[in-house]
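The values are calculated or read from the model by the stated rules, or taken from the named source; none is laboratory data. These figures come from a predicted structure and were not determined experimentally. Here the Cβ is made from the backbone with ideal geometry for all residues, glycine too, and neighbour counts use every protein chain on show. The protein model used for the area step is the full one, side chains on, heavy atoms only, and it has no ligands, DNA or RNA in it. Shrake-Rupley method; radii C 1.70, N 1.55, O 1.52, S 1.80 Å.
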Amino acid sequence: IWDINEHFQSELGLHFQSNSYQDESFTLPRVKLHYFIGSNKTVSLKFGQYARMQNSEFIVPDIGNPDLRSQTADHIAISFSQAIGADWEWSVEPYYKTMENLPLALDEFDVNNTNLYSGDVSGTAYGVDLLVNKNLSNNWYGWVSLSYSKSERTNDLSGAKIDYYADTPLVFNMVFNYKISDLWQGGANFTARSGQVYTPIVGVQQNPDFEDNFQPIYSEPFSDRFSPAHRLDIRFQRKTNFWGLDGLLILEVVNAYGYKAPTSIDLDYKNIESTDDLLIKEEEEGLDIMPSVGFSVTF
């Protein structure tokens, strides 16, 4: 970390990593440059290079390609932050990320299909994060964040581009905590996000491998999205004393209104009798309302 002058500060770093399985080594730079505007505003420019070994199922022999190289990425971001008095601060950070050598499953028409996978997928991810934070004063503190992002993948062999299956354009978080008394504190955490993308089923066809069985006809990959997911957690805690040790009694309700987000669809095979029966079954993921009581001791 180097204070260049009263307005500029730089942070320079190198990250080294290696793996013996594929005999790879990476020396990855990380750079930050901060520009201070007065005593309460900061503009920061950040750049970093990253590498990650492929998941094991893509590189072990027989089911993967042991010659598949690690994934690499370049990440650049610029941020602006401002403190407002002693209690409030906010920041906004746009970012852009490129990824290379992501795994591509090879089909029977690919020349090198005996390798099972190649590194012919590239990707981009970009977005902006907004954060507003309130420090503890007047018996409460908390923060609110809103993120917009877009994540895409490109087949470098065919040029086809699709949304990444985990693409989540909007994510909202709100955390609130209140000091009720010297002993009690309560709070809540609310989160909401765009629904997960999925590939719609548009029809039913006979299964050519199994007589009197059916299989789905799919639309374009990841071309539709489930309804938004959201959850509210509520927590209260009370300071206590246990055998002379400081302790906390914790009362918590996870998923306070019991919402479960839809995450996948499939045919309702049990009730399909012909190709005219387009019957869809939707799967949900999430917790039921889950109250809990906990206790912690500090010693």
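The rows are residues; the columns are (1) touching a residue at least 40 places away in the same chain (Cβ under 8 Å); (2) open to solvent by 90 Å² or more (accessible area, probe 1.4 Å); (3) more than 15 Å from the chain's Cα centre (by Cα).
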site: W143; (1), (2), (3): no, yes, yes
site: Y148; (1), (2), (3): no, yes, no
site: K161; (1), (2), (3): no, yes, yes
site: Y165; (1), (2), (3): yes, yes, no
site: N189; (1), (2), (3): yes, no, yes
site: T199; (1), (2), (3): no, no, yes
site: V204; (1), (2), (3): yes, no, yes
site: S219; (1), (2), (3): no, no, yes
site: F242; (1), (2), (3): yes, no, yes
For the stretch 50-83 the number of residues that are under 25 Å from P103 (Cβ atoms), of a type outside the set (D, E, K, R) and surrounded by fewer than 16 Cβ atoms within 10 Å (Cβ to Cβ) is 7
Checking Q237 against (1) open to solvent by less than 70 Å² (accessible area, probe 1.4 Å); (2) part of a loop (DSSP other than H, G, I, E, B); (3) over 17 Å from I265 (Cα atoms); (4) not aliphatic (A, V, I, L, M), the condition it does not meet | (2)
Can you tell me which residue among E89, E152 is open to solvent by less than 60 Å² (accessible area, probe 1.4 Å) and in a strand (DSSP E or B)?
-> E152
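When you check E100 against the structure, is it under 24 Å from the mean Cα position of the chain (by Cα) and either surrounded by 15 or more Cβ atoms within 10 Å (Cβ to Cβ) or of a type in the set (A, V, I, L, M, F, W, C) (or both), yes or no? Break it down into steps so the answer makes sense when it comes.
Numbers: under 24 Å from the mean Cα position of the chain (by Cα): yes; either surrounded by 15 or more Cβ atoms within 10 Å (Cβ to Cβ) or of a type in the set (A, V, I, L, M, F, W, C) (or both): yes.
Yes: the conditions hold for E100.
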When the residues of the stretch 257-278 are filtered to those that are open to solvent by 30 Å² or more (accessible area, probe 1.4 Å) and among the aliphatic types (A, V, I, L, M), which remaining residue is farthest from the chain's Cα centre (by Cα)?
-> L278
Hits in the stretch 68-119 - residues which are of a type in the set (A, V, I, L, M), in contact with a Leu (Cβ under 8 Å, 6 or more places away or on another chain) and under 18 Å from G159 (Cα atoms) | L104, A105, L106
List every residue pair whose Cβ atoms lie under 9 Å apart, where the two residues are 6 or more positions apart in sequence or sit on different chains, the first residue falls within the stretch 37-57 and is within 14 Å of V92 (Cβ to Cβ), and the second residue, located anywhere, is of a type in the set (D, E, K, R) and exposed (fewer than 14 other Cβ atoms within 10 Å of the Cβ).
-> K46/E11
When you look at Y35, is it over 19 Å from F8 (Cα atoms) and open to solvent by 50 Å² or more (accessible area, probe 1.4 Å), yes or no?
-> no
Considering every residue within the stretch 171-179, establish whether at least one is in contact (Cβ under 8 Å) with a residue 40 or more places away in the chain, among the basic types (K, R) and surrounded by 14 or more Cβ atoms within 10 Å (Cβ to Cβ).
-> yes
